[in-house]
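The values are calculated or read from the model by the stated rules, or taken from the named source; none is laboratory data. These numbers come from a predicted model, not from an experiment. Methodologically, a virtual Cβ is constructed for each residue, glycine included, from the backbone with ideal geometry; neighbour enumeration extends over all protein chains shown. Surface areas here come from the heavy atoms of the whole protein model, side chains and all, with no ligands, DNA or RNA. Shrake-Rupley method; radii C 1.70, N 1.55, O 1.52, S 1.80 Å.
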Amino acid sequence: QVQPVESGGGLVQAGYSRRLSCGTSGRTLSGNAMGWFRQAPGKEREFVAAINFMSGRTNYAESVKGRFTISRNGAGTAMYLQMDDLKPEDTAVYYCNRLLREYDPGTAYGSWGQGTQVTVSS
């Protein structure tokens, strides 16, 4: 399996938006589900959101519900994370990965990539 690559991070002011992308250079993302995770400095990696590629069902961490939206394109070659109303506590390196089940973040598998840094200034 080709490891997906994250992109779209950067510096953004609190209250503004940012969209992250995850893909494999146009190749179909394999697997049942995919999700976004993040790791802030000094903290463990945590679940953010996941989506089932077949059904479109989604799952979100409580901390981002109502602000973040996960989606995938129709071709199945990319996944996105639309982040609105960003807060300084959203500052982290964001990673995408495959999951066996979108409702169980513990089923993430595959190698972790480099991630993309999101920094939210107050």
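Some observations on this one:
- Scalar couplings 3J(HN,Hα) for region 13-20, obtained by applying the Karplus form with A = 6.51, B = -1.76, C = 1.60 to θ = phi - 60°, are 7, 4, x, 8, 10, 7, 10, 9 Hz; x denotes Gly and Pro.
- Of all accessible heavy-atom area on the chain, the percent that carbon and sulfur account for (1.4 Å): 47
- Counting only DSSP beta bridges with both residues in the chain, the antiparallel share comes to about 90 percent.
- Computed packing ranks the peptides 114-121, 21-28 as 114-121, 21-28, most packed first, by mean other Cβ atoms within 10 Å.
- Measuring with a 1.4 angstrom probe and ignoring ligands and nucleic acids, TYR16 comes out at about 130 Å² accessible.
- For region 51-122: relative contact order, % (alpha-carbon pairs under 8 angstrom, 6 or more apart): 28
- According to the Kirkwood relation over distinct C-alpha pairs, the hydrodynamic radius of region 5-98 is 13.4 Å.
- Protein heavy-atom accessible surface, 1.4 Å probe, per residue over the chain: 51 Å².
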